[in-house]
Structures are given as C-alpha cells and as structure tokens.
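Just so you know, all these numbers are worked out from the coordinates, no wet-lab data involved. All values derive from a computational prediction rather than experimental measurement. Cβ coordinates were reconstructed from backbone atoms using ideal geometry, including for glycine residues, and neighbour counts include every protein chain displayed.
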C-alpha cells in the first residue's frame with residue numbers, strides 16, 4: 001500500500017488513532033455500499049436505564065436488542081438522539097468533528113454477536129475511500145447515531161437476541 005504524507009485519509013486515520021480510538025487498521029478492508037441481503041435495518045435507537053446499568057435498545061420489526069453500554073456512551077448517544085449539545089465534547093463528538101473536518105462520514109454500522117459479545121463493523125468514508133473498522137458495538141452505535149447512518153443486524157441476531165416489544169418501533173404513546 002502506498003501512502004502520501006498529508007493525504008486526507010492518512011491524516012484522518014492518524015488523528016483518530018491519536019485520540020485513543022482502537023481501530024483495527026490492519027484488518028481494514030474496502031466496504032460495500034449496501035448491507036447483505038439477510039440484514040435488517042434498525043428502525044429506532046433508544047437509551048434506557050436498567051437494574052444492570054445503561055442499555056441501548058436497537059429496535060426493528062417489533063423487537064428490541066438490548067446492548068449494555070457504559071455511562072459515557074449512553075450520554076453520548078442520548079445527547080445525539082435528543083440533539084443536545086453537551087458542555088464539553090465527548091469522544092464520539094470529537095471523532096465526528098475530526099471526520100467532518102476531513103469530509104468524512106460514517107456510512108453504516110453492522111452489529112454482530114460472537115458468543116456473548118456484540119461487535120461493530122464501522123464503515124467510514126473519507127474522500128470517496130471507504131474502509132471498515134472493527135469497533136466496540138457501543139462506539140459504532142454512537143457514531144452511527146451522530147452521523148444518522150444506518151445500523152444493520154442479521155435477521156438471525158434479531159430473532160435470537162431481540163425481545164418482543166408491545167408496540168412497533170416509532171410508535172408514540174399519548
């Protein structure tokens with residue numbers, strides 16, 4: 001792989017790495033623009049509190065997949081969902097600012113489950129170059145929310161890990 005000093009993708013990747021983000025550069029690969037055929041698009045993301053701590057609910061097709069997150073990630077996602085500006089930027093705000101400074105964006109996120117751990121495949125595009133990065137699911141979800149990017153899960157994951165909702169996603173109670 002040839003690189004040029006100062007290339008926007010190199011600068012953005014370096015900046016993200018310097019911010020302490022654990023991106024798997026050696027495993028990065030070109031990304032397809034669409035999710036696979038057996039993927040389901042998450043229709044709604046919600047942050048809730050449970051007895052076990054903050055949880056992000058990924059809702060689709062009358063089911064919700066609970067993903068437990070730390071307090072900082074919960075705050076970041078909640079602020080992005082509610083369009084709140086926090087007094088100081090959190091890590092996801094900083095990553096969004098860095099990517100936007102280099103005309104970058106999150107294109108999509110695919111959440112998978114291996115054993116009992118959720119993983120995120122975070123697709124980022126900078127200057128027409130797309131790369132997929134291994135990510136914690138919570139960080140991938142937060143960045144997808146910050147960029148209004150689609151979040152995908154497999155139908156199998158939705159069926160096995162999704163909990164049935166009383167009302168379909170997007171329904172508001174009066």
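Key figures for this structure:
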| read-out | value |
| --- | --- |
| Inter-site label distance for residue 160 and residue 81 at 7 Å from Cα along Cβ, in nm | 2.5 |
| Translational diffusion coefficient (Stokes-Einstein; Kirkwood radius from C-alpha pairs) of the stretch 22-163 at 10 °C, 1.306 mPa s, in µm²/s | 104 |
| Computed over the stretch 22-163: relative contact order in percent, which uses C-alpha pairs under 8 Å that are six or more apart | 30 |
| Relative contact order (percent, whole number), the stretch 100-147, Cα cutoff 8 Å, 6+ residue spacing | 36 |
| Distance from the stretch 101-133 to the stretch 67-86 (C-alpha centre basis), Å | 18 |
| Per-pair calculated FRET efficiency, R0 = 22 Å: residue 44 and residue 103 via Cβ, rounded to 0.05 | 0.15 |
